[in-house]
1. Given the options 47, 61, name the one that is among the hydroxyl-bearing types (Ser, Thr, Tyr), modelled with pLDDT of 85 or more and open to solvent by 70 Å² or more (accessible area, probe 1.4 Å).
2. Determine whether residue 101 is surrounded by 14 or more Cβ atoms within 10 Å (Cβ to Cβ) and under 23 Å from the mean Cα position of the chain (by Cα).
3. Kindly indicate whether any position in segment 23-35 is at pLDDT below 90, open to solvent by less than 60 Å² (accessible area, probe 1.4 Å), in a helix (DSSP H, G or I) and under 30 Å from residue 198 (Cβ atoms).
4. Residues in segment 64-83 that are exposed (fewer than 14 other Cβ atoms within 10 Å of the Cβ) and outside any helix (DSSP H, G or I): how many?
5. Would you call residue 50 under 22 Å from the mean Cα position of the chain (by Cα) and not in a helix (DSSP H, G or I)?
6. Is it the case, given these coordinates, that residue 167 is assigned to a loop (DSSP other than H, G, I, E, B) and either more than 22 Å from residue 144 (Cα to Cα) or of a type outside the set (Gly, Ala, Ser) (or both)?
Amino acid sequence: MPDAYHHGNLRNDLISEGLKTLCKDGFAAFSLRELSKRLGVSHAAAYRHFATKEELLKTIYLEASAQFKRALADSIGPDATGYEALMRLGIGYVRFFVGKPELLTLFTMMPSEGGLFLALFGPNAGCGNLDELPGSSGFNLLRRFALPLREEEQYAGLSDREILLGFWGKVHGIASILITQKNFIPEDQVDATIDRVVRTAF
């Protein structure tokens, strides 16, 4: 069998093709041996990079989660503060998933120990005390910019978690609809629509 991956591409190809396989076939059909066949290499070559399919699954998830958190941080930029930073964060959230819909599928299908919750919070964060969230977590960005709005009249009577739920639920819903209903907004209008809708109160 040809072995074209001695130069180091196999690991990346296993991650990339593994993500595609997960989103297409789900966890039940996921197999390191079958993945090796798809890539045209021996399963022994694949096992040199990942000892088990669980190890590959964890790597796929962690790399996707890191991409997500970087995109959220980058969306704000160095100059944005307050409400503007929150709006940019929401726009970045939607654009990330619209551009990488397979990652929303991945985070949605991950079991309870993974998924979007940990992609946002980070692997060591609990959900009990919001003050204990790590500064590097994606969710802490939302918390940092959304919770000061509790002082505004329109949010009076809402708890911290309800404010966070409202902003998170809005952008997640927009992303989900744009991914699953591809013709709802003309393709050439998607970016402008995301910007307007995220910034508009409903």
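The values are calculated or read from the model by the stated rules, or taken from the named source; none is laboratory data. These numbers come from a predicted model, not from an experiment. All Cβ positions, glycine included, derive from the backbone under ideal geometry; neighbour counts span all protein chains shown. Accessible surface is based on the protein model in full, side chains and every heavy atom, while ligands, DNA and RNA are left aside. Shrake-Rupley method; radii C 1.70, N 1.55, O 1.52, S 1.80 Å.
1. 47
2. Working: surrounded by 14 or more Cβ atoms within 10 Å (Cβ to Cβ): yes; under 23 Å from the mean Cα position of the chain (by Cα): yes.
Criteria met by residue 101.
3. yes
4. Summing the residues that are exposed (fewer than 14 other Cβ atoms within 10 Å of the Cβ) and outside any helix (DSSP H, G or I) in segment 64-83 gives 4.
5. Working: under 22 Å from the mean Cα position of the chain (by Cα): no; not in a helix (DSSP H, G or I): yes.
The answer is no for residue 50.
6. Taking the combined requirement at face value, the residue does not satisfy it.
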